[in-house]
Amino acid sequence: MAEKGDCLASVYGYDLGGRFTDFQPLGFGVNGLVLSAVDSRACRKVAVKKIALSDARSMKHALREIKIIRRLDHDNIVKVYEVLGPKGSDLQGELFKFSVAYIVQEYMQTDLAHLLEQGTLTEEHAKLFMYQLLRGLKYIHSANVLHRDLKPANIFISTEDLVLKIGDFGLARIVDQHYSHKEDVPELERPS
Ligand code: OXW
């Protein structure tokens, strides 16, 4: 059903050229619709996120997200393969020239929200996922990034090997290394 998927992509304004086929909707992220597709060049299924660059504000948001996801590389973070321009062109740091960008990411089978709805998770699953979630979060924070929208729908799971990966950095911010909350927190009283 490649034709149906390709039609779907054009309905949603996805114009990536001929390299990607078999588009299916995955859901709405912070910055818009996310589709799954097959990358016929790399021979793998991917998640493609379209980011509009129509005005100064969306340009700022897009640049921030792309800057953040490019600095993250970890087993428990959804991998970003490429950032492409219109018709699947190479962006080469000239994002501001284009009206649209596509973030091509690793495809994950499902998200934690869906698994929680199914109600089939065991305590062993919970332990395994919590460990990986904290591991990913520790990495994100060590890169001075705050995700700011961590929720089951942004936590992706590969059901075959039970690998968990944090995704959707659409609301993420880079934190100032020098900023500290220390002054705001009153000293703890010593127990007597
Ligand atoms: C998957 C890599 N999704 C997103 C983002 C935002 C969305 C949706 C997907 C997601 C299943 C059960 N239902 C589809 C963002 N892999 C991704 C990704 N992203 N990268 N972003 N599903 C599979 C995925 N959902 N995989 C869930 C069918 C029934 F709104 N950012």
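Does ILE51 satisfy the condition of being in a strand (DSSP E or B) and over 13 Å from TYR107 (Cα atoms)?
Values: in a strand (DSSP E or B): yes; over 13 Å from TYR107 (Cα atoms): yes.
In short, yes.
Could you list, ordered by first residue, the pairs with Cβ atoms under 9 Å in which the first is in segment 63-88 and within 12 Å of ILE140 (Cα to Cα) and modelled with pLDDT of 95 or more and the second is polar (S, T, N, Q) and in a helix (DSSP H, G or I), at least 6 apart or interchain?
Cβ pairs passing all conditions: ASP75/GLN132; ASN76/GLN132.
Quick check on segment 98-131: of everything there that is charged (D, E, K, R) and free of Cβ contacts under 8 Å to residues at least 12 places away in the same chain, which residue is nearest to the ligand (Cβ to nearest atom)?
Applying the filter and picking the extreme gives GLU117.
With the checklist (1) surrounded by 14 or more Cβ atoms within 10 Å (Cβ to Cβ); (2) among the charged types (D, E, K, R); (3) part of a loop (DSSP other than H, G, I, E, B) in hand, flag the one item GLU65 doesn't pass.
For GLU65, the failing item is (3).
Looking at LEU53, LEU35 in this structure, which one is more than 8 Å from the ligand (Cβ to nearest atom), of a type in the set (A, V, I, L, M) and over 20 Å from PHE98 (Cα atoms)?
Of LEU53, LEU35, the one residue that is more than 8 Å from the ligand (Cβ to nearest atom), of a type in the set (A, V, I, L, M) and over 20 Å from PHE98 (Cα atoms) is LEU35.
Based on this model, can you work out whether ILE140 counts as buried (at least 18 other Cβ atoms within 10 Å of the Cβ) and either more than 30 Å from ALA52 (Cα to Cα) or more than 10 Å from the ligand (Cβ to nearest atom) (or both)?
yes
The values are calculated or read from the model by the stated rules, or taken from the named source; none is laboratory data. These figures come from a predicted structure and were not determined experimentally. With ideal geometry, Cβ positions are generated from the backbone for all residues, glycine too; neighbour counts draw on all protein chains shown.
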